[in-house]
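The values are calculated or read from the model by the stated rules, or taken from the named source; none is laboratory data. Keep in mind that what you see is a predicted model, and the values were worked out from it rather than measured. Note that each Cβ is placed from the backbone with ideal geometry, even for glycine, and that neighbours are counted across all protein chains shown. Heavy atoms of the whole protein, side chains included, go into the accessibility calculation; ligands, DNA and RNA do not. Shrake-Rupley method; radii C 1.70, N 1.55, O 1.52, S 1.80 Å.
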Amino acid sequence: MPAFKRLGTMKTREEFLAYLEEKGLRDLPVDEKILSAEEGSPMARPWTIGDVTLPNRWTIHAMEGWDAEKDGRPNDLVLGRWKKFGASGAALVWGGEAFAVRDDGRANPRQLCYRPEHADTTFSLLFDTVTQAHREMLQREGKNPDEPFLVGLQLTHSGRFSKAPDDTMAPKIACHHPVLDARVKVDPNDDACVLTDGDIHDIIDRYVTVAKWAWKAGFHFVDVKHCHGYFAHELLHATRRPGPYGGPLENRMRFAREIIDGIRTECPGMKIGVRLSLFDSIPGHEGNAAPGSVQNVLCDEDFEIVRIFAEELKIDVLNLTAASPYYSVYAQRPSMTPALEAMLIHGRLQIPDNIEPPEDPLLGCCRQIFAARSVKQRFPALPMIGSAYTYFQEFLPQVAQGVVRNGWIDSVGMGRMVLPYWDLIADTLAGRPLDRRRICRTFSDCTTGPRNGMVSGCYPLDPVYKIKPEAARMRELKRK
């Protein structure tokens, strides 16, 4: 592994700034200290989405869970995580985690999923759990429990990365791709797994159906997910696909347009968000996000996609991310420690080609942050949420304050950090010191575990997961 300096070894802001300077990242704003709401933290400034003004600039990202029941219902582990999302202090919860609209679109056989026979309880359980936890947190903090709070549900079909109930790959693709077909062992001459236009119509209808159930349960918005290599993201770039959903950009946006139009018809008043991978990156191939390139990674079509979402489809909020954890994990989720994947069908541990960081993870963080700044400058009226902040660790709140203070983004989203330290947001807004024992060090166990048949969670730091038998299995896997 290249000799990059670990952020956990840096004790002061000055040391961190010196390292940013060394890496050519001096533009990244880092506030001098963490400010509470009373001290005027930029993260405590109100911001507005549609007709709702939120009291702070923090968002909880949606993450893909691997621990629901096999029939897609939430269980105690899932609900425990949603309680943490609600208790975090963030004014916006972006979907909690990815919710598959169909069985054949689950990225793992334990992912939350729509089934009509238990829809009436599934959606209500999730919404009621997160909102009740939020109210209880506000009461503990001496705040108004009825202050504005937005909760969404992230709707997805995993497409190329769909799994069968036995956890084997069962890809459903938009079109063949010379690199990605090999990643999921798709025969480039076999069209059996290419979804037809009729299949796409059925998926669109299912998105609208699931949105209706979420709306009925109380969810304020849905995310029509267009990121991380899943079906809508792949379709957005399906230039090789013929017909009404491929080729020119107008056709590639048709899937999003028809879903959004359907939701607006069936759920009048429901807000619509999109989580979008702004740029892509495939290891070993030239592209606009090659290692070392941080500034100006977006092309004209990237901006045009955002323009269509903002001005033609008139979505309410945009959540910006990048690439895919399946073929470019370090571009999507900057980390120093590799996630290990055991391919059980071969009975051995397989290390993907892109497992070691091709660059300092700080570059991956800043690439996403600088790209989001460019989009925000181009479309200032559209509320936007940024990603790729967990790797900053102790300096996360100071970086978040800096980018919001400077107008680079409206809200900062947290993903992995929430698993061990879900109330970091509440602590910073209240002026309490950080609990450094709970800060995510990007060990990647939350990814290694699910990739090896274990439930998702933070095994090193979360007390619930530390005592699980899987924690011992995790240590043994990493030792080997």
Looking at region 130-147, can you tell me whether even one residue there is open to solvent by less than 10 Å² (accessible area, probe 1.4 Å) and polar (S, T, N, Q)? no
Filter region 358-399 for residues that are among the aromatic types (F, W, Y) and without any contact (Cβ under 8 Å) to a residue 40 or more places away in the chain and give the result. Y389
Yes or no: P397 at pLDDT 90 or above, farther than 21 Å from S277 by Cβ and open to solvent by less than 20 Å² (accessible area, probe 1.4 Å)? yes
(1) within 26 Å of the chain's Cα centre (by Cα); (2) open to solvent by less than 60 Å² (accessible area, probe 1.4 Å); (3) within 23 Å of Q368 (Cα to Cα) all hold for G24 apart from (1)
Mind counting the residues in region 453-480 that are within 16 Å of I439 (Cβ to Cβ) and either exposed (fewer than 15 other Cβ atoms within 10 Å of the Cβ) or touching a His at 6+ places or on another chain (Cβ under 8 Å) (or both)? 2
Specify the residue that is farthest from R437 (Cα to Cα); the eligible residues are those in region 6-21 that are open to solvent by less than 90 Å² (accessible area, probe 1.4 Å) and in a loop (DSSP other than H, G, I, E, B). T12
For residues in region 375-431 being assigned to a loop (DSSP other than H, G, I, E, B) and among the acidic types (D, E), which is nearest to the chain's Cα centre (by Cα)? D410
Does F85 satisfy the criteria of being in a helix (DSSP H, G or I) and either modelled with pLDDT of 95 or more or in contact with a helix residue (DSSP H, G or I) (Cβ under 7 Å, 6 or more places away or on another chain) (or both)? yes
All but one of (1) open to solvent by less than 10 Å² (accessible area, probe 1.4 Å); (2) within 16 Å of the chain's Cα centre (by Cα) hold for A68; which doesn't? (2)
Restrict the check to region 185-193 and report whether at least one residue is in contact (Cβ under 8 Å) with a residue 40 or more places away in the chain and open to solvent by 10 Å² or more (accessible area, probe 1.4 Å). no
Is it fair to say G65 is of a type outside the set (A, V, I, L, M, F, W, C), touching a strand residue (DSSP E or B) at 6+ places or on another chain (Cβ under 7 Å) and touching a residue at least 24 places away in the same chain (Cβ under 8 Å)? yes
If you go through I315, I259, the only one that is open to solvent by less than 40 Å² (accessible area, probe 1.4 Å), touching a strand residue (DSSP E or B) at 6+ places or on another chain (Cβ under 6 Å), at pLDDT 95 or above and part of a loop (DSSP other than H, G, I, E, B) is I315
Tell me which residues, restricted to region 91-117, are open to solvent by less than 10 Å² (accessible area, probe 1.4 Å) and closer than 22 Å to T168 by Cα. E97, A98, F99, A100, V101, G105, A107, N108, Q111, L112, C113
Being over 23 Å from K70 (Cα atoms) and within 24 Å of the chain's Cα centre (by Cα): is that true of F161 here? no
